[in-house]
Amino acid sequence: GQNIDQPTEMTATEGAIVQINCTYQTSGFNGLFWYQQHAGEAPTFLSYNVLDGLEEKGRFSSFLSRSKGYSYLLLKELQMKDSASYLCAVSVNNAGNMLTFGGGTRLMVKP
Amino acid sequence: GAGVSQSPRYKVAKRGQDVALRCDPISGHVSLFWYQQALGQGPEFLTYFQNEAQLDKSGLPSDRFFAERPEGSVSTLKIQRTQQEDSAVYLCASSLARLADEQFFGPGTRLTVL
């Protein structure tokens with residue numbers, strides 16, 4: 001089966017940097033996605049990693065270590081609008097590359 | 001439209017009623033997925049279509065759940081004889097079906113069973 005763990009909640013200050021960790025145990029790994037989800041809204045794509053290393057996209061970066069089953073999402077220069085849930089999801093090579101999600105990390109950005 | 005749409009956005013049903021939830025994927029997207037998201041949790045896979053073929057329904061929680069995509073575009077998730085534990089947000093997602101393609105999610109249907 002699949003097992004994906006991430007912290008339930010985190011709090012950070014506006015302008016700061018926060019790192020959200022995700023560990024996974026899965027078979028048929030096809031890559032790891034991070035999605036952002038504001039309350040009552042659809043998850044929206046942030047990043048995709050399939051090879052080890054860091055992918056940077058503006059204020060957001062995502063890191064993957066396949067050997068360790070570990071990823072993190074790094075958010076820089078936090079803004080109030082970054083308050084949301086961040087979902088770590090692993091793509092597996094069955095069911096059309098279905099996504100298996102962690103429980104999500106609720107990030108609260110304070111002034 | 002530009003994105004995935006779902007209707008209705010909110011549905012309240014009495015226990016035992018049947019409900020039908022609709023998903024309009026992005027035009028041209030081959031793959032369509034249904035997920036169930038309980039409050040405060042991550043989405044959980046229900047079923048997957050490639051065009052009109054339902055290739056995986058391993059996540060459907062019971063035989064009261066049924067999904068179809070008869071023409072390979074719009075999909076309907078039907079829940080018969082709803083129970084309180086069916087209360088959740090039902091998310092639909094579509095993708096181009098290439099290996100690294102992101103899934104685009106709709107806003108979901110929030111189902112409340114009283």
Practice task
Could you tell me whether region B:60-80 includes any residue that is touching a strand residue (DSSP E or B) at 6+ places or on another chain (Cβ under 8 Å), open to solvent by 30 Å² or more (accessible area, probe 1.4 Å), free of Cβ contacts under 8 Å to residues at least 40 places away in the same chain and not in a loop (DSSP other than H, G, I, E, B)?
Solution key: yes
Handout entry: Among (1) closer than 16 Å to A:Leu99 by Cβ; (2) assigned to a strand (DSSP E or B); (3) touching a residue at least 24 places away in the same chain (Cβ under 8 Å) - the single one B:His29 does not satisfy
Key = (2)
Problem - Number of the exception - B:Leu111 against (1) crowded, with 21+ Cβ neighbours inside 10 Å; (2) within 11 Å of chain A (Cβ to nearest Cβ) - result: (2)
Practice task
Of all residues in region B:81-96, count the ones that are open to solvent by 40 Å² or more (accessible area, probe 1.4 Å) and assigned to a loop (DSSP other than H, G, I, E, B).
Solution key: 4
Completion exercise
Across region B:59-114, the tally of residues that are more than 25 Å from B:Gly28 (Cα to Cα) and of a type in the set (Phe, Trp, Tyr) stands at 1
Problem - Selection from region B:68-92 of residues that are over 15 Å from B:Arg9 (Cα atoms) and within 13 Å of another protein chain (Cβ to nearest Cβ) - result: B:Arg69
Exercise for the section: Please verify whether region B:36-50 includes one or more residues that are without any contact (Cβ under 8 Å) to a residue 12 or more places away in the chain and surrounded by 13 or more Cβ atoms within 10 Å (Cβ to Cβ). Expected result: yes
Problem - Verdict on B:Pro25 being closer than 25 Å to A:Val90 by Cα and either open to solvent by less than 50 Å² (accessible area, probe 1.4 Å) or within 14 Å of chain A (Cβ to nearest Cβ) (or both) - result: yes
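The values are calculated or read from the model by the stated rules, or taken from the named source; none is laboratory data. Because the structure is a prediction, the values reported are computed rather than measured. No Cβ is skipped: glycine too gets one built from the backbone with ideal geometry, and neighbour counts run over all protein chains shown. We work out accessible area using only protein heavy atoms, side chains counted, and drop any ligands, DNA or RNA first. Shrake-Rupley method; radii C 1.70, N 1.55, O 1.52, S 1.80 Å.
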